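Engineer: Pasting a structure here, questions to come.
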Amino acid sequence: MPKKHYEWGYDGSVPEIGEHSLAKHRIIEDYVRRYIEILSANPRQSQLNLTIVDGFCGGGLYTFKNEVVPGSPLILLRTVRETEAKIKITRRKDFKINADFFFIDEALPHCNFLKNEIEHSEFKGELGKSIKIIVGQFETKATDIIRFIKNKGKAHRSLFFLDQYGWSDISLGTIRKIINELSYPEVLLTFAVDSLINYLNENLAGSRSLLSLELNRSDVQELLNRKREAGWRYLIQNELYRHIQNCTNAKHYTPFFIKSPKSGRSYWLLHLSKHVRARDEMATLHWDKQNHFVHHGKSGFHALGFDPSKDILEQFNLFDFNEINRIHSVDATTEQIPKLINDDKLWNSQGVSVEDIFSRLSNNSPVTKIIACEALIKLRKYNEVTIITKDGKPKPRANAMKWEDRIILPRQTNFLSIPKKE
Ligand SMILES: C[S@@+](CC[C@H](N)C(=O)[O-])C[C@H]1O[C@@H](n2cnc3c(N)ncnc32)[C@H](O)[C@@H]1O
């Protein structure tokens, strides 16, 4: 499998970073900041326990257009410290983030380079204490790290950044162990799905790397059979999403791609979690970083579903996270929500919370709570839905929706009576 490698040399040489990797770094930085802000929102809270694992950490420094830029470990360290300082200013009492960092890389020169970077940074004093640099393969270190997180307390708040080069360095079994054994883990996994699809062939069925993805001979054969159908690449991607979600036991995920203009291939930046709200935060960030992310599908819920009677290639459009598609997503969601509620006996009779709609429908879609709320406000204006609080109080005018708010269909609904443009 061809891989492009970043190398940090003993001679101090630093790799040049690609633009798509910078976009990934912005996601990591923004996500960690949002994560901490949300989990520290209670003004009386004086601390937050957290473990951050960078399982494929690299040397911590790059060049980009003749400038020096940090790698993921330094970004993580700085974001945690800066966010802690920002929150501290707003608190009467002290506020502290008890963060432990594990930086793992199989290449000794990369670990040495990173150690040197940290020794010359403001984090020097934490090396060997809250910051641990470990030489080795992530797979072989994961069990000890999971044990460490469990011993730290009950909440198990943990973020795993698994930035592998291709698709074969992490087994799905290890991710399942993280998801199953910890209460609040989140995993951000880089997965070069196109190179996996190109690599798939009959002779490799049964190979160790495919078995680590829990693809046995008959799974591989089924995927290969798809290669004879129109739109086969998208069909295989769709099956792989489902496969990864099932095997990792992650209830929620975002199925979005990072564009890699140089290699011409896209790869997934999969966010796997147990909580719909975590998933929503990650999806919201993709809209914010619109230029670098795509998904192969439609707007609205059920975005990855397809109608076999129609041209399959037309249904798997490249979906950019741009303003036009945001408007399409609001329109699609406005049409879908009343029908979805109407078609479900329980939802139709008792109403449904925003959270329940998302828990069931958001995985395969670019829809976020912000988009769905825009749609709900439109629907309310045209009397297609009523919105109430969890205690049953009507919300006839509020523009902000809570996850617990409930959507109720009126007895008579018109469906599609709403103008697209207002
Ligand atoms: C894409 S680079 C990491 C970039 C880094 N996350 C960043 O954003 O700055 C991948 C790194 O993973 C390391 N690596 C490759 N296979 C590994 C494995 N099985 N376990 C741990 N590290 C591995 C490589 O040596 C390389 O430094």
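The values are calculated or read from the model by the stated rules, or taken from the named source; none is laboratory data. Quick caveat: nothing in here was measured; it's all calculated off a predicted structure. Neighbour counts are summed over all protein chains in view; Cβ atoms, including those assigned to glycine, are modelled from backbone coordinates with ideal geometry.
Engineer: With respect to the numbered conditions (1) of a type in the set (Lys, Arg); (2) under 23 Å from the mean Cα position of the chain (by Cα); (3) farther than 30 Å from Ile178 by Cα, which one is the sole condition not fulfilled by Lys93?
Structural biologist: (2)
Engineer: Further, regarding this structure: Quick one: which strands (runs of 3 or more DSSP E) lie wholly within region 1-70 and hold at least 2 residues that are near the ligand (Cβ under 9 Å from one of its atoms)?
Structural biologist: Qualifying strands (runs of 3 or more DSSP E): 61-64.
Engineer: Ok, one more. I need the full set of residues from region 323-364 which are touching a helix residue (DSSP H, G or I) at 6+ places or on another chain (Cβ under 9 Å), assigned to a helix (DSSP H, G or I) and of a type in the set (Val, Ile, Thr), in order please.
Structural biologist: Val330, Thr333, Thr334, Ile337, Ile341, Val354, Ile357
Engineer: So which residues in region 264-279 are within 9 Å of the chain's Cα centre (by Cα) and not polar (S, T, N, Q), if there are any at all?
Structural biologist: The answer is Leu269, Leu270, His271, Leu272, Ala278, Arg279.
Engineer: OK, next. Yes or no: region 117-126 includes at least one residue that is within 14 Å of the ligand (Cβ to nearest atom), in contact with a Leu (Cβ under 7 Å, 6 or more places away or on another chain) and of a type in the set (D, E, K, R).
Structural biologist: Checked region 117-126: at least one residue is within 14 Å of the ligand (Cβ to nearest atom), in contact with a Leu (Cβ under 7 Å, 6 or more places away or on another chain) and of a type in the set (D, E, K, R).
Engineer: Checking the condition part of a loop (DSSP other than H, G, I, E, B), at pLDDT 95 or above and of a type in the set (Asp, Glu), which residue from Glu139, Glu84, Glu122 passes?
Structural biologist: Glu122
Engineer: So, in region 364-382, how many residues would count as being over 19 Å from Arg326 (Cβ atoms) and in contact (Cβ under 8 Å) with a residue 24 or more places away in the chain?
Structural biologist: Within region 364-382, residues that are over 19 Å from Arg326 (Cβ atoms) and in contact (Cβ under 8 Å) with a residue 24 or more places away in the chain number 1.
Engineer: Output the residues belonging to region 112-125 that are surrounded by 14 or more Cβ atoms within 10 Å (Cβ to Cβ) and touching a residue at least 40 places away in the same chain (Cβ under 8 Å).
Structural biologist: Selection gives Asn112, Phe113, Leu114, Glu117, Ile118, Ser121, Phe123.
Condition check ((1) in the same structural domain as Ser171 (by TED's automatic domain parsing); (2) more than 14 Å from the ligand (Cβ to nearest atom); (3) in contact with a Pro (Cβ under 7 Å, 6 or more places away or on another chain); (4) within 23 Å of Ser171 (Cα to Cα)) across all residues:
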{"position": "Leu74", "(1), (2), (3), (4)": "yes, no, no, no"}
{"position": "Arg92", "(1), (2), (3), (4)": "yes, yes, no, no"}
{"position": "Phe101", "(1), (2), (3), (4)": "yes, no, no, yes"}
{"position": "Lys115", "(1), (2), (3), (4)": "yes, no, no, no"}
